């Protein structure tokens, strides 16, 4: 997606999406594009009224764009990098353990959650 299309997408977000908590509109300054792949764009929205952070996946292929929202009212509004950076790093041993587990996993999630 080129810059012209991203600019058009920002205008459409402002026109189409309202805060799911308070109904306020988003300003251009409160919309951050986190990433994009092909026709899909992941954006972070921060409501100027109630400060609720929202993540939206927008697929702009065809005549009608698809919008998927995820809002967490108890999250503090902050850039996505700050939220991700506060987590403990995953060790190489943990990655190896997960690899070994997945290599022998049979797909039975029910038995895992019963443990």
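Mind listing whichever residues of segment 1-49 are loosely packed, with under 14 Cβ neighbours inside 10 Å and assigned to a loop (DSSP other than H, G, I, E, B)?
Residues satisfying the conditions are 2, 22, 23, 27, 38, 49.
Within segment 68-115, track down each residue that is modelled with pLDDT of 85 or more, exposed (fewer than 10 other Cβ atoms within 10 Å of the Cβ) and assigned to a helix (DSSP H, G or I).
Correct list: 92, 93, 99, 102, 103, 104.
The values are calculated or read from the model by the stated rules, or taken from the named source; none is laboratory data. A quick note: this is a predicted structure, and the numbers were derived from the prediction, not measured. In this analysis, Cβ positions are derived from the backbone assuming ideal geometry, glycine residues included, and neighbour counts consider all displayed protein chains.
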